[in-house]
Structures are given as structure tokens and as C-alpha cells.
Amino acid sequence: MKLRSRRIGDYDVAFLFDGMFSTGIDSLVHARGPAAQAEMLASRSGTTIEFEVNHFALRGPGGLTLIDAGTGPGWNPSLGQSWDSMRQNGIAPADVDRVLLTHLHFDHARGLLDGDKPYFPRAEVLIPSTELACYTSEAARLALPEARRSAFPITAAIVKAYGSRIRAFVPGEIMPGIETVALPGHTMGQTGFLLKGNGETALFWADAAHMGDVQTADPDVSTVFDYDPKLAARTRWWLFDRAVAENWLIAGSHLSDFSRVRRVGQTYGIAAG
Ligand SMILES: [Zn+2]
């Protein structure tokens, strides 16, 4: 188990490793269409892609805050280590004061649940209001094909389990030193968190990019997990430009370490930061 942590502003930030996700290479899609996708796939070797699933613990003002909750056990044998990771970081479920969700996909939200019960007995769960509205909407559910509806039952189970401890938040400063950043496309309400302090600014960018090297080199590469691949690509172009200009430290749910984006020619690259 890798322990990856550092002090950023008033918070001690630690990666919590949930496991490895692997999928077919055909999960990569290209925002410029089928010809660009065929060219991209032809340039790659191998038939699968693999990336880490992580979430984060922040100790600081307001106690113990998690950003996302991992998949939790019992969904996939290569995932579900998040509760063990918390234990190894000295975190008991009752220690957690709040969970900030970037979005409602299973690998970020399912770990909130122990069966149909809340895994965290005291925590408030803060969810972007647009995200919560989307995944509690029957019209939004019916507009998606069956294979893309998995976030709806998870959302319903979380809302039922946590009841009055669910808080929908709107953009702005949600905790001392932590502001929201809208990152639409992967889901319509996906929200990043910008943590500022002591001359360093870190962005928790969730799933704005799943594969840092591939998607910084070509921000038009999306995945089948993106709700709107073209919007996700536009968000990446904007985001990478800002990340370079502001020298943000990046903590991504599917990146392996704290990273920084840099400009490479007409596009970008990423390296440990
Ligand atoms: Zn994810």
C-alpha cells in the first residue's frame, strides 16, 4: 500500500487507494468523431487500459473531510480497498465529519454505503446541486440508455441512507480555503475542488481526465464514461490551460500521484508534481 500525502494550505491531504480499474481500449472515444477515434486506437498498443481509483482525506479546518468515497467492498475484486486504506490512514468511519462528492458515479460514491446503511455514521454528504438534480430526475434517467443508468440507483440509495445529512451545494467557497470548480462533461454536475493556501493551489479534478498522459497529449480523447464527450473535451482544454497558467497541483481520482500539467507544443503533458 502506497501512502501518499502532503500538506497543502491548512490541510493534510492523503490519497486513499481503492484499487485498479481496467477496461477495453475501445472505452476511449474521440471528440472529433469516428475517423479520429480509429486513428487514435491504431496508434496505441495493447487491448486494455488501466487506471487507479482513489479518493482523498483532508485533515484541517472543520475536522476530517473526505473527497469522494471510493467503490467500497463487494463490487469488483480489483477495487473496493478504500475502507482498508482509511483504516491504514488511521481513519475510523465515525471520525469522518463530511464527504464532498465530485460526482455520483459508483467509484466515487458507492463507498458511502454499507449495504443499504450509511457507512459513515456522523458524516454530512455534500453533493453538487446540479449533480443531485440530474441523478434524482426520472426524465434524465429515461433519456439515457440502460447501460448508462448505474448512477441513478446509487444516488437513490445514498439519499435514502443519509436522509437529512445530504446537503446539495451551489458553486462557491464551501469550506475554509476550498472553492468549487465546475467541470461539466464527464457528468453534467461534476465539480472539482480548489484548495488554496501558503502559496500552493491544488485542484481535485475528479474525472476531468482518467488517463493523465493520454488526455493531456490530446484533450479531445474522452471515454465512454463521459456523459457528453464533446463537452468533456472542451472542459479539458479550458482546464489544462488554467492548470498551466496557475501552476496548479493536480490531485485526480484516477491519477497515481500529485501531478502538474505543462504545455507541450500545441497540447499538454503531465508529470508528478
Ligand atoms: Zn471515476
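No lab work stands behind these numbers, since they all come straight from the coordinates. Keep in mind it's a predicted model, so treat the numbers as computed, not measured. Neighbour counts run over all protein chains shown; Cβ positions are idealised from the backbone, glycine included.
Observations, loosely collected:
- Highest-MSF residue in the chain out of G199, G60, G212 [GNM, Cα springs under 10 Å]: G199
- Here the simple spin-label model places points 7 Å from the Cα toward Cβ, and for V159 and R263 these points are separated by 4.5 nm.
- Its alpha carbons considered, the range 179-235 gives a radius of gyration followed by a Dmax of 12.0, 38 Å.
- Axial C-alpha extent at least 20 Å, average Kyte-Doolittle at least -1.0 - helices from the chain (DSSP): 229-245
- Relative exposure of R87, R6, judged by other C-beta atoms within 10 Å (fewest first): R87, R6
- What the phi angles of the range 252-259 give under the Karplus curve with 6.51, -1.76 and 1.60, with θ = phi - 60°, is a coupling list of x, 4, 10, 9, 8, 6, 4, 9 Hz, glycine and proline written as x.
- For the range 70-85, putting each phi into the Karplus relation 6.51 cos²θ - 1.76 cosθ + 1.60 with θ = phi - 60° gives couplings of x, 7, x, x, x, 9, 8, x, 8, 10, x, 8, 4, 5, 4, 4 Hz, in residue order, rounded to whole numbers and with x for Gly and Pro.
- Percent RCO, i.e. relative contact order, over the chain, from Cα pairs under 8 Å lying at least 6 residues apart: 17 percent
- Charged side chains reduced to their Cβ positions (Lys and Arg at +1, Asp and Glu at -1) give the chain a dipole of some 240 debye around its Cα centre.
- Charge-dipole axis of the chain as Lys and Arg at +1 and Asp and Glu at -1 on Cβ define it, positive-most pick from V159, A206, I178: I178
- The range 63-120 - Rg over Rh from alpha carbon coordinates, Kirkwood radius: 0.93
- Gaussian network model of the chain, Cα within-10 Å springs - most flexible of A92, A233, A151: A92
- Taking every Cα-Cα distance in the range 5-272 and sorting them into 10 Å bins from zero, the calculated P(r) comes out as 7, 31, 38, 20, 4, 0 percent.
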